[in-house]
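See structure below.
What follows is calculated from the coordinates using simple rules that are stated; it is not laboratory data. Note that the coordinates shown come from a computational prediction; the quantities given were computed from them, not determined experimentally. Reconstructed Cβ throughout: ideal geometry from the backbone, glycine too, with neighbour counts over all protein chains shown.
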Amino acid sequence: MAYTALCAFLARWALRAAAFGLVLLVLCVQWQVIGRYLLNDTPVWTEPVALLLLLYITALAVAVGVRDAGHLGLESLVALLPPAAQRVAEALIQLLVALFALLMAGSAWEWMQLKWEEPKPILGIPEAFDYLPLLIGGVLMGLFCIEQLIALWRKNPVPATRL
């Protein structure tokens, strides 16, 4: 199905971007340690960049976790239900996660609009960049919930995300 292929593509790139961000985060923190303890000159930009990278890594990884059904769940409770009730419970869970994703993306969009003209200290980029990962993550989560609902309806599980 084309929609599953699109979601697989998006998840693969989100996971790659999160992994690349993690590498950048480690390098950023290492540079801060080297600057502080070896050069005796702490770079001021490393901490805000590390925090910003952490936001992007988390949002992207959580979205991929939703696609791979790796989010927190109540599988033990759902497993006790009859098969028809299990499907209803799983659909309800996906709908609730999709609602959360929609609210998260909508709120992030509002905050981005409010903070676009406000520069971040030290970095000089708009504060809106703090809310962009929530928007991206919310949209991806919503798309992946729709994919999960389609797969549940068709009784065909979503394939795991591969790099």
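Miscellaneous remarks
- Fluctuation leader among 130, 41, 68 - the chain, Gaussian network, Cα springs under 10 angstrom: 41
- Zone of residue 42's modelled label, taken as backbone nitrogen in segment 116-138 under 18 Å from a point 7 Å along Cα→Cβ: 121-123
- Whole-Å distance, taken between Cα centres, linking segment 1-29 and segment 113-155: 14
- Most mobile listed residue (35, 21, 137) in the chain, GNM with C-alpha springs under 10 Å: 35
- A crude spin-label estimate for the pair residue 163 and residue 110, with each label 7 Å from Cα along the Cβ direction, gives 3.8 nm.
- At least 18 Å along the helix axis (C-alpha) and Kyte average at least 1.0, DSSP helices within the chain: 2-33, 46-67, 132-154
- Most mobile of 97, 33, 139 in a GNM of the chain (Cα contacts under 10 Å): 33
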